[in-house]
Amino acid sequence: MSSVEHRAFRIAQMALRHREDALDSVQDAMLQLARRYAQRPREEWPPLFYRILQSRIRDCQRRRAVRNRIMSFFGGQREADDDPPDPIEAAADPGGRDPSVQLAQGMAMQALESALAALPGRQREAFILRILEGLDVAQTAKSMGCSEGSVKTHLSRAVHSLRQSLGDHW
């Protein structure tokens with residue numbers, strides 16, 4: 001669990017754009033995996049975990065959509081989409097890297113996160129699981145609850161969209 005904790009948090013944060021919701025989703029997914037699937041072989045855990053995590057993310061998005069509709073009906077303010085950045089995460093790396101390299105990498109990462117956020121959910125999920133998490137097609141299909149052909153289609157479309165939107169950064 002500790003080996004995927006940070007990456008899972010980044011996945012949830014990109015999807016939900018809210019730090020606390022992302023933390024809750026990852027924690028819930030890890031607890032559910034431990035409670036229900038601890039007896040399963042270790043190699044089955046990654047696709048199961050990511051499937052549970054995606055389910056938690058979708059649940060949170062649905063709750064947020066309902067809450068926003070209700071609040072707008074009563075004239076309330078919508079929730080902010082993003083919390084202010086964590087100052088520790090945003091702090092410069094003391095490793096002595098060239099600031100221009102850090103800036104370029106930061107801009108590229110921001111562009112990737114924005115482009116990923118703009119993708120349809122299934123394409124984003126396929127890209128994150130296959131490319132960023134390194135799951136194979138079968139594991140990704142099991143995690144997403146679809147066929148291997150669907151994974152390949154979603155990934156292909158995601159890569160095509162990202163190439164178009166990222167241009168220089170790709």
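The values are calculated or read from the model by the stated rules, or taken from the named source; none is laboratory data. As the structure is a computational prediction, the values presented were derived from the model and not from experiment. Methodologically, a virtual Cβ is constructed for each residue, glycine included, from the backbone with ideal geometry; neighbour enumeration extends over all protein chains shown.
Exactly one of these conditions fails for Leu31: (1) at pLDDT 90 or above; (2) touching a helix residue (DSSP H, G or I) at 6+ places or on another chain (Cβ under 8 Å). Give me its number.
Here Leu31 meets the rest and fails (2).
Considering only residues that are touching a helix residue (DSSP H, G or I) at 6+ places or on another chain (Cβ under 9 Å) and surrounded by fewer than 17 Cβ atoms within 10 Å (Cβ to Cβ), which ones fall in the range 1-16?
Met1, Glu5, Arg7, Arg10
Considering only the range 1-59, state which residues are in a helix (DSSP H, G or I) and of a type in the set (Ser, Thr, Tyr).
Within the range 1-59, Ser25, Tyr37, Tyr50, Ser55 qualify.
Show the residue pairs meeting these rules: Cβ distance below 8 Å; 6+ apart or different chains; first residue within the range 146-158 and closer than 18 Å to Leu112 by Cβ; second residue crowded, with 16+ Cβ neighbours inside 10 Å and among the acidic types (Asp, Glu).
Matching pairs, first to second residue: His154/Glu125.
Considering Leu155, Leu135, Leu162, which residue is touching a helix residue (DSSP H, G or I) at 6+ places or on another chain (Cβ under 9 Å) and either within 13 Å of Leu48 (Cα to Cα) or surrounded by fewer than 18 Cβ atoms within 10 Å (Cβ to Cβ) (or both)?
Leu135
Can you confirm whether Arg7 is under 12 Å from the mean Cα position of the chain (by Cα), within 17 Å of Ile128 (Cα to Cα) and at pLDDT below 90?
yes
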